[in-house]
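S.K.: Sending over a structure as structure tokens; questions will come in a sec.
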Amino acid sequence: MILDGIEAKPTPANWRAAEHLLREHTGGKAVVWSGRAATALYHAYQVAARLRPDVAQPEIIMPAMMCTTAAITALMAGMVPRFADVDAHTGLVTLEHIRARLTENTIAVVAIHLLGHTVEIAPIAHLCQAHNLLLIEDLAQALGATYPDGTRAGSVGDVAVYSFNRTKIIETGNGALVANTDEAAATLDQMVRDHPLPPVPAMTTLKQLALSYRNLHHSLVGVLRLRAQTSETVSSAFLPIRPAYDPLYLRPANPDAPMSAALDDLAATLMRRCDLAEIYAQQLADGPWHLLTAYRSSGVCWRFTLLSDDPDQLVDFSEAVRRDGFHVSNLYWPVDQFFRPDEACPNADWFARRVVNLWVDASVDADYVLGCCESLRAHAHRLKPMDAMR
Ligand SMILES: *Cc1c(COP(=O)(O)O)cnc(C)c1O
């Protein structure tokens, strides 16, 4: 079904192929389309709460290494986000770190397949079953990814969340929540019928609000990166302002987006991305960095990522490459530092201070990648060598 704000309507006929593909990937029983993955996460949390009426103060465990969306939508749903640290070398959440945040109030776990790389899901699924927790797989950066055993990411969780918005694998707009179990499907169906989405402000208002949030986030990351303020101070400035941005997150689907046509090309889109990633991997094989190549097993490369063990020089290095005309981002910052500074996630902090993301999307081609690699190598002297232990 599709959420148009006031009611839930049947999926448009021209989207059926897209819906079929998501169900094929997940074995899903029901698909609810909305305007954003943020909205899908919000609904997933509410499904989790309905399935656990025994818990009065529900907590959701999510990785510290991600954008702030999953935490903001948890707060909007009236739940407490808890942040699990990640593996320092992959940025992916692990069983051990999830277990460390488990309490009797935990009702759900969000497993994010960051950068298109897949989380080691089986032990996490086992933990969730043992403790009656809803497992939410977030495929916003990993549409089409497979696990090492060949099964699809999105098929293990109770629900799976997808994004088709700007900067994702496919950029038609919209988001989707797939319910994989009968119980989750029935609960979701009831919930979206009972709770229409709130009215959405005018597009010009949303655009200004989104820009304002982006500026706020960049500014606060800058302060944290420089250690110019503690995360306690940054968090106590951020949290009271945060609700001003709530209108950004709950959005109805845009029924005019060509979902099926875009997903029809998925295999070719993913292969092109991996081919471009291979050029980076070969061109950058010798350098003062560590290359993340887990896209080779997942089949999905969201951005090509390298880690430099020189956090103090990283911003200048990226800026030099940008001046040569290439996209570089160092944006992701440990989310715990905005929401729960008392819950330190040192591996996420280590990773965030070292990450360099490079583009493999439709806006770039092989010549661009070769040029970008040339620029990276030309400026590599600014970076000290990677610690061999890492
Ligand atoms: C982008 C993103 C989201 C949010 O997607 P929207 O469709 O923009 O709401 C959620 N989770 C992850 C991991 C993302 O990268």
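Read-outs throughout are calculated quantities, based only on the coordinates presented, and are distinct from any laboratory measurement. Treat the numbers as computed from the prediction; the structure is a model and nothing was measured. Glycine also receives a Cβ, built like all others from the backbone with ideal geometry; neighbour counts cover every protein chain displayed.
S.K.: Contour minus end-to-end for Leu370 and Met203, with contour as 0.36 nm per residue of separation and end-to-end as the Cα-Cα distance?
M.R.: Separation in residues times 0.36 nm, less the Cα-Cα distance, equals 56.3 nm.
S.K.: In a GNM of the chain with a 10 Å cut-off on Cα contacts, which of Val223, Val192, Val93 has the highest mean-square fluctuation?
M.R.: Val223
S.K.: With the calculation restricted to Cα positions, what are the radius of gyration and Dmax of the range 131-173 in angstrom?
M.R.: Expressed in Å, the Cα Rg and Dmax of the range 131-173 come to 11.7, 37.
S.K.: In nm, what is the difference between 0.36 nm times the number of residues separating Glu24 and His89 and their Cα-Cα distance?
M.R.: Gain on extension, Glu24 to His89, equals 20.2 nm.
S.K.: List the relative contact order of the chain as a percent without decimals, with contacts defined as Cα pairs under 8 Å and 6+ residues apart.
M.R.: Relative contact order comes out at 21 percent.
S.K.: Please compute the Kirkwood hydrodynamic radius of the range 1-147 from all pairs of different C-alpha atoms, in Å with one decimal.
M.R.: The answer is 16.0 Å.
S.K.: Just the C-alpha atoms of the range 146-222: what Rg/Rh do they give, with Rh taken as the Kirkwood radius?
M.R.: 1.08
S.K.: Given the Cα-Cα distance of Arg16 and Leu331 and 0.36 nm per residue of separation, how much length would full extension add, in nm?
M.R.: 109.8 nm
S.K.: Rounded to the nearest 0.05, what FRET efficiency do Ala380 and Leu226 give with R0 = 25 Å and r taken as the Cβ-Cβ distance? Could you check?
M.R.: 0.60
S.K.: With Rg and the Kirkwood Rh both taken from Cα atoms, where does Rg over Rh land for the range 28-107?
M.R.: Result: Rg/Rh = 0.98.
S.K.: Suppose every Lys and Arg Cβ carries +1 and every Asp and Glu Cβ carries -1, with no other charges. What dipole size does the range 227-321 come out with about its Cα centre, to the nearest 20 debye?
M.R.: With Lys and Arg at +1 and Asp and Glu at -1, about 320 debye.
S.K.: When 1/r is averaged over all different Cα pairs and the result inverted, which Kirkwood radius in Å belongs to the range 192-323?
M.R.: Every distinct Cα pair counted, the radius reaches 19.3 Å.
S.K.: Extent of the chain along each principal axis, from alpha carbon coordinates, in Å, largest to smallest?
M.R.: Per principal axis, max minus min of the Cα coordinates gives 59, 45, 45 Å.
S.K.: Treat each spin label as a single point 7 Å out from the Cα along the C-beta direction, and report the Glu7 to Asn215 distance in nm.
M.R.: If labels sit at Glu7 and Asn215, their model points lie 4.1 nm apart.
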